[in-house]
1. Quick one: check the C-alpha center-to-center distance for segment 30-98 versus segment 181-212, whole angstrom.
2. Can you compute the FRET efficiency between Q254 and N67 using 1/(1 + (r/R0)^6), with r the Cβ-Cβ distance and R0 = 41 Å? Round to the nearest 0.05.
3. Once you list every other residue whose beta carbon is under 11 Å from the beta carbon of K354, what net charge do they have if Lys and Arg are +1 and Asp and Glu are -1?
4. As a quick test, which of the pairs K340/K366; K105/K130; K155/K249; K130/K340; K105/K340; K177/K400 have an alpha carbon distance above 30 angstrom in this structure?
5. May I ask you to sort L122, L47 by Cβ crowding, counting other Cβ atoms within 10 Å and putting the fewest first?
6. Residue by residue, what Karplus-based ³J(HN,Hα) values in Hz, rounded to whole numbers, does segment 63-69 have, using 6.51, -1.76 and 1.60 with θ = phi - 60° and x for Gly and Pro?
7. In straight Cα distance, which lysines are under 28 Å from K158, not counting same-chain residues fewer than 8 positions off?
8. Evaluate E = 1/(1 + (r/R0)^6) for K105 and K400, where r is the Cβ-Cβ distance and R0 equals 45 Å; express this FRET efficiency to the nearest 0.05.
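Throughout, read-outs are computed from the coordinates displayed, never taken from laboratory work. Computed from a predicted model, the values in this text were never measured in an experiment. We place every Cβ from the backbone using ideal geometry, glycine too, and count neighbours over all the protein chains shown.
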Amino acid sequence: MDRRNFLKATGALTTTAMLSQNNQTYAQPKLRTGEHVLILGAGLSGLSAAYLLHKQNIPFTILEARNRIGGRVFTHTADEAENLHVELGAEWVGASHERIQALCKELNLNLLNHQFETHLTLEGQYFKPKQWNYEQNWTSKYQTLLTNFKQLTSKNSKVLDQIDWWRYLNNQGISEKDIELKELFDSTDFGESIRNVSAYASLSEYAYSSPNNEMDFRIERGNTRLVEAMAEKIGMTHIMLSKKATHVKQEGKQVQVLCEDGSQYNGHRLICTLPVFALSKINWQPGLPADKTDALNQLQYCRIIKSAVVFKERFWQEEAFDMVTDTTAHYFFHSSKNLKSVKGTLTSYAIGEKAHVLSKMNQEQKIREICQGLKPAFGDVLPYAEKVVSYYWGGDAFSKGAYAIYDTHQWFGIRENLAKPFRNISFAGEHLADWQGFMEGAIQTGEDAAKGLLT
C-alpha cells in the first residue's frame, strides 16, 4: 500500500472528489456542457486542474495574482554567463511521486538525479557522510516504529495526531544526542521545529518515503519547465496574470470574481488553489462556513529562505555534496549538480527563526553568514563567493510561507474542513495533499478538484 492509499484507509486523506462521492452534504452537480470554470492560481495545482479540463474540452480561465505563472515553483538564473540556474521554490521530485513523473514523461521533460550524501557540522565539528550516524539501538527501533505505523488503526492514528513529533520521539526513549540530530534533520523537511509538527504527520511521511526521503530528482533546465510546458498545452490566452481576486460572489449557479484592478470574471464553477493566507483575504459572498474559516485561521505555513551563493570554483569537489549544520544557514546542498561550469552554487536552506534572521540581512551579511556555516568543513571560503540570490517565503505577499505545516490535533480535523467544497467552489493546493511541500501534492489536488466537477 502506498502513502496515499494508507491515508485514505485511515481516514486522513480527503479530496473534493471523495467528499462529493461519499457525502451528499458536499456533493456538487455535474458540470454541464458549455459551463465555464474559473481557477484561482496559476501554480502547479491550478495548472494541473486546467490541464485536465483542457483535455476534456471544458472552457476555463485562470486568474493569477502574480505577474508570472508557477506560484511556489520558481527557477532563477543565478549566473547567465555560466548558465547556472537554481530553484528558489520547490526543489525535488521524489522517487515515489508517480504523478509528476508521468507528467514529465508526457511533456518530454527529463529528470536528473538530485540525490546527495549528507555531511554534518555540529558544535563546530565536521563529519563526512560515514563518520556520523544515529545510535545503533535507535536506528533499529526507529525502523520498527515505521513498520508498525503501517499497521495502525484509524483510532490509534488519531491518538498520534494529538502528540508532537519531538514529544513522541522522547516517549520512545531517544537519546539526547539523537533527538538533537532529529531536530536538525527533520526540521529541514517540515520547515519549522519538530515541536510544531504532529507525530502522525511525521510518521506518515517517513514511513512511506523513498530511501532518500523523496529528495531524488529535479527537472532538467529547471522545475519551471514543467509549469511552462503545461501552460503551453492549455494556452497562455487562458491565463490572466496580475489578477488578484478580492471578491468572490455566488448567486445560484453563477460565480463572479472581482479583481483588484477592477476587472470582473464570470463562470459556473470555481476551483480555488490559493494558499490559505491569500484565500483568507478574499471577501466571500456568501461568507465561508464557520468551520472552514476556523481552519484557515489555524493552519500555518513554514518559514523558509533559500539562498544560493555563486562561488568562483567548486571547492566542495563532491558532486553529491550536501550538509546539515547547527548554524544559521542550516542546510546546504549542491544546487549546480549536473550543470557544466567552472563556477558552482551551494544553496543554503534555512528554516523557521533562522530563515527570519537571514531575511533581515543585506547581501554582504548573508554571504558572510552562509560562508561561516561552511567554515568547519572547508575553512575560509569567503574569497570564493561572488554573489547570493535568495527568496524568503515567510515574507511572500501571497503565501506568507513555503508550504503548510500540520501541528497537533490538525491532521484529522482542519484538513477535511479546508477541503470541503462550498456551493459552486472547490478547493485544492499542496496544503490539502498527502505530500506537503512537494510538487506532487499540488498536482494531485488540482487534478482531484477538476475530477470532482466531472463525476
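1. Each part's Cα centre sits 26 Å from the other's.
2. After rounding, the FRET efficiency stands at 0.90.
3. Summing Lys and Arg as +1 and Asp and Glu as -1 gives -3.
4. Exceeds cut-off: K105/K130; K155/K249; K177/K400.
5. The fewest-first ordering by Cβ neighbours comes to L122, L47.
6. The phi angles translate into 10, 10, 6, 6, 8, 8, 8 Hz.
7. Qualifying lysines at Cα under 28 Å: K8, K141, K150, K182, K292, K420.
8. Result of the calculation: an efficiency of 0.85.
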